[in-house]
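Data block below; observations after.
The values are calculated or read from the model by the stated rules, or taken from the named source; none is laboratory data. Bear in mind the structure is a predicted one, so any value in this text is a computation, not a measurement. Because the Cβ atoms are built from the backbone with ideal geometry, glycine has one as well, and the counts that use them run over all protein chains shown. Areas reflect the complete protein model, heavy atoms only, side chains present, ligands, DNA and RNA absent. Shrake-Rupley method; radii C 1.70, N 1.55, O 1.52, S 1.80 Å.
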Amino acid sequence: MELKQRVRQHFEDSIAAKQAAMERLTPAIAAAAEKLVQVLITDGKILACGNGGSAADAQHFAAEMVGRFERERPGLAAISLSTDTSAITAIANDYDYDMVFSKQVSAIGRSGDVLLAISTSGNSPNVVSAIHAAHERQMSVIALTGREGGQIGEILGGEDIHLCVPAQRTARIQEVHITAIHALCDAVDYLLLGGE
């Protein structure tokens, strides 16, 4: 395959993955935005976590909430659990890496908060543990996964929302995740500020 065609194929595959996700995930993304707004207007907060690219997505989401997305508004309560290197390394060193998010959820999560849990495979042990900790704190979960949803798809409860990308390749799942995150940010702003 010629290099230019190989590059082009990434765009074509990304477009196809996003079109398939749009059909499947639009209602769930809208429901997730409504859940986030309900949490925020009742003085709750959003905790976000993930590993690698998903850690970057968790941080990106929190930054859009605390700062702004595309419209001026007061900051919204969101924390990325992937950014405190002292907490992460202390927990990993003193306990286990699988607990780096769950210990933080148990410490700062409260009933009525929501966990945004991101894992392309749906099987990240530390994200699974964070979901268990969130449930123990009576928090709901919005999970972004891919493939068939993995273990995360199996442990979500009735109040949780599962945004499972219908794709197999990690890159395509991540590309849909960031689009879903941007759609969530825009929908939160729309619900809080009105249409534009």
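I'd like the full set of residues that are surrounded by 12 or more Cβ atoms within 10 Å (Cβ to Cβ), assigned to a loop (DSSP other than H, G, I, E, B) and of a type outside the set (Ser, Thr, Tyr), limited to region 74-88.
Once the filter is applied, which keeps residues that are surrounded by 12 or more Cβ atoms within 10 Å (Cβ to Cβ), assigned to a loop (DSSP other than H, G, I, E, B) and of a type outside the set (Ser, Thr, Tyr), region 74-88 yields LEU76, ALA77, LEU81, ASP84.
For the subset of region 1-34 comprising residues that are under 25 Å from the mean Cα position of the chain (by Cα) and among the charged types (D, E, K, R), which member is surrounded by the most Cβ atoms within 10 Å (Cβ to Cβ)?
LYS18
Would you check if there is a residue in region 167-176 being open to solvent by less than 20 Å² (accessible area, probe 1.4 Å) and part of a loop (DSSP other than H, G, I, E, B)?
Yes, region 167-176 contains at least one residue that is open to solvent by less than 20 Å² (accessible area, probe 1.4 Å) and part of a loop (DSSP other than H, G, I, E, B).
Among all residue pairs at least 6 apart or on different chains, which show Cβ distances below 9 Å where the first residue, located in region 9-27, is in contact (Cβ under 8 Å) with a residue 24 or more places away in the chain and the second is open to solvent by 80 Å² or more (accessible area, probe 1.4 Å) and among the charged types (D, E, K, R)?
Pairs found: ASP13/ARG169; ALA17/ARG169.
Would you check which residues across region 35-73 are under 17 Å from the mean Cα position of the chain (by Cα), under 15 Å from SER140 (Cα atoms), outside any helix (DSSP H, G or I) and of a type outside the set (Gly, Ala, Ser) and list them?
LYS45, ILE46, LEU47, CYS49 - these are the residues of region 35-73 that are under 17 Å from the mean Cα position of the chain (by Cα), under 15 Å from SER140 (Cα atoms), outside any helix (DSSP H, G or I) and of a type outside the set (Gly, Ala, Ser).
Any residue in region 148-158 that is small (Gly, Ala, Ser), in contact with a strand residue (DSSP E or B) (Cβ under 7 Å, 6 or more places away or on another chain) and closer than 27 Å to ASP43 by Cβ?
No, region 148-158 has no match at all.
Look at region 130-147 and say how many of its residues are buried (at least 20 other Cβ atoms within 10 Å of the Cβ) and out of contact with any strand residue (DSSP E or B) (no Cβ under 7 Å at 6 or more places or on another chain).
Within region 130-147, residues that are buried (at least 20 other Cβ atoms within 10 Å of the Cβ) and out of contact with any strand residue (DSSP E or B) (no Cβ under 7 Å at 6 or more places or on another chain) number 1.
For region 89-104, what are the residues that are out of contact with any strand residue (DSSP E or B) (no Cβ under 6 Å at 6 or more places or on another chain) and open to solvent by less than 60 Å² (accessible area, probe 1.4 Å)?
Passing the criteria: ALA90, ILE91, ALA92, VAL100, SER102, GLN104.
Filter region 93-134 for residues that are part of a loop (DSSP other than H, G, I, E, B) and of a type in the set (Phe, Trp, Tyr); which is farthest from ALA48 (Cα to Cα)?
TYR95
Within region 135-149, track down each residue that is within 14 Å of the chain's Cα centre (by Cα) and not in a loop (DSSP other than H, G, I, E, B).
SER140, VAL141, ILE142, ALA143, LEU144, THR145, GLY146
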